[in-house]
Amino acid sequence: MQTLIEREGHAAVAESIRVVLARLRQEIADAQLDEKSLDLALGGLSAAVARQLRQSLSYSLLPLINATGVILHTNLGRAPIAASALDHIRATANAYSNLAFDIETGARGKRDVHVDRLFRKLLDDELPSCARMDPSAPPATSLGASAKRAGSRGRTSLRGPEQTNATAISTIVVNNNAAAVLLALNSLAERGEVIVSRGELVEIGGSFRIPDVMSKSNATLREVGTTNRTRVADYDRAINEHTRLLLRVHRSNFEITGFTDQPGLDELVALAQRRNLPLMEDLGSGALFDLRSVGVNDEPGVLDSLRMGVDIVTYSGDKLLGGPQAGLISGRAELVARMRSNSLFRALRVDKLTYAALEATLLAYVKRDHDAVPVLRMMRLSKDEIALRAEKIVSRVDPARLKLELLDGESVIGGGAAPSAVLPTRLIALTHSHLSADELNARLRAHTPPVIARIDEGRVLLDLRTVFPEQDANLTTALASLA
Ligand SMILES: *Cc1c(COP(=O)(O)O)cnc(C)c1O
């Protein structure tokens, strides 16, 4: 005990002794111990205390190996942040920083400036050029392809030629997208009505439901259309003197198929402009990266929506953007300014760690260094690259008891991208001579670090798309121990 006390302190050791003795007393009271096992338990007391101490002083939040192939898995912490984000946190968070201080003037500054300038490069600088864009010209950037589709429609009435300065689009950061939607609705529509299609009244999980957020924001939800079909005329008819906002919500985690109708974003933009109302879109995932380049075609990007003429978009920082947990609100500067001056903004704002991680992540986008952002790197991995790593792992595991097969499958983007947004991959399928898939899975979870896999048709499936290459050796060890 004395050596433990010297290492971990008296209080922690005393606490562990109390826990171990209480457990032993309980076992005696429950008559679970005969004399022999009591002797044994007493003999092992110091080891039990050391074990308890280790457990109580170790972290509960742990890194693990995500072999599910779901790139944005909310239960597994969504986006792993970039190495540069971590470096920037380390450099600025364990020292003082100019978080809200203007070094040049010595005056108080705004914390927004650190990321707003980068969002402007990524969003605002792209907009004026698109209004002039020649559709036959090659895209200027990896995001350029969308301009051809979206055209210059809509945007021009909000920012005429005289308005193509770099201040029209601004972005603010709050705790998460749920907070972004709450703040935006409260700022733009308090005590007024917001029109939403009945086909878009989503629940995201963890109690984010559009009707509930609406009532918390003190705005009134005005439902239009039906579950499967809503037309732009439905919105038009519902507009009255109390209407403050038209809201489009990305369906994120479900799809409606069959006899369906949903107005195009261009139709909503035209309606909003004709009736002089702002149009907001809750994008959910909100990609700043052109997913068409990895073969995912129907996922709307932030820039697509702004180019179309949507006034305000809200999206998460830790979904397709690949950064820290955050809620981003981008759009027309005068509307964003109303949100910034809302007292809710202060309650929902984020700290310096988030700004540091976000700034580093956005900088990778500005430099077009997409592989620096882990979720983008994972999305861009080809099936062949994944197959090569899978073959190497399979060749290193003894197949006597554990059978490993390679098969074609699909990785899932997840995190608010459409459920059908999948990428082709190569899977390792596991079956064991005397362990069931559930037992195999439990043993993988019990490994250090834990390995999380999925089960399909009695087999455990491992997808290396979401496993960092430097974890391959660890994964091999986990499989070898099962074999
Ligand atoms: C994910 C999502 C949200 C919630 O975002 P958080 O960042 O988790 O708060 C809200 N709306 C939509 C459409 C989403 O996909």
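The values are calculated or read from the model by the stated rules, or taken from the named source; none is laboratory data. Bear in mind that the values here come from a model prediction, so they are computed numbers and not experimental data. Cβ coordinates were reconstructed from backbone atoms using ideal geometry, including for glycine residues, and neighbour counts include every protein chain displayed.
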Query raised in the report: Out of all the residues in the range 94-115, is one or more assigned to a helix (DSSP H, G or I) and either acidic (D, E) or not assigned by TED's automatic domain parsing to the domain that holds L321 (or both)?
Result: no
Query - Some residue of the range 318-328 being assigned to a strand (DSSP E or B) and within 15 Å of the ligand (Cβ to nearest atom) - result: yes
**Report entry** Residues located in the range 160-184, provided they are away from the ligand (no atom under 12 Å from the Cβ) and modelled with pLDDT of 50 or more
**Finding:** A168, I169, S170, T171, I172
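Here's the yes/no breakdown for (1) modelled with pLDDT under 95; (2) among the β-branched types (V, I, T); (3) in a loop (DSSP other than H, G, I, E, B); (4) surrounded by fewer than 22 Cβ atoms within 10 Å (Cβ to Cβ):
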| position | (1), (2), (3), (4) |
| --- | --- |
| E405 | no, no, no, yes |
| S420 | yes, no, yes, yes |
| T425 | no, yes, no, no |
| H434 | yes, no, yes, yes |
| D438 | no, no, no, yes |
| N441 | no, no, no, yes |
| L444 | no, no, no, no |
| I455 | no, yes, no, yes |
| V460 | no, yes, no, no |
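Yes or no: L303 buried (at least 24 other Cβ atoms within 10 Å of the Cβ), within 11 Å of the ligand (Cβ to nearest atom) and assigned by TED's automatic domain parsing to the domain that holds A189? Working first, answer last.
Values: buried (at least 24 other Cβ atoms within 10 Å of the Cβ): yes; within 11 Å of the ligand (Cβ to nearest atom): no; assigned by TED's automatic domain parsing to the domain that holds A189: yes.
Taking the combined requirement at face value, the residue does not satisfy it.
Under the condition of being in a strand (DSSP E or B) and polar (S, T, N, Q), which residue from the range 219-248 is surrounded by the most Cβ atoms within 10 Å (Cβ to Cβ)?
The initial filter retains those residues of the range 219-248 that are in a strand (DSSP E or B), namely 220-224, 229, 243-248.
With polar (S, T, N, Q) added as a condition, the list becomes 220, 243.
On the way: T220: 16, T243: 18.
Across the range 219-248, the extreme among qualifying residues is T243.
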Query raised in the report: How about the range 212-231: which of its residues are farther than 26 Å from E334 by Cα and either within 14 Å of the ligand (Cβ to nearest atom) or hydrophobic (A, V, I, L, M, F, W, C) (or both)?
Result: D212, V224
Query raised in the report: If you check E255 against the conditions, is it away from the ligand (no atom under 16 Å from the Cβ) and assigned by TED's automatic domain parsing to the domain that holds A360?
Result: no
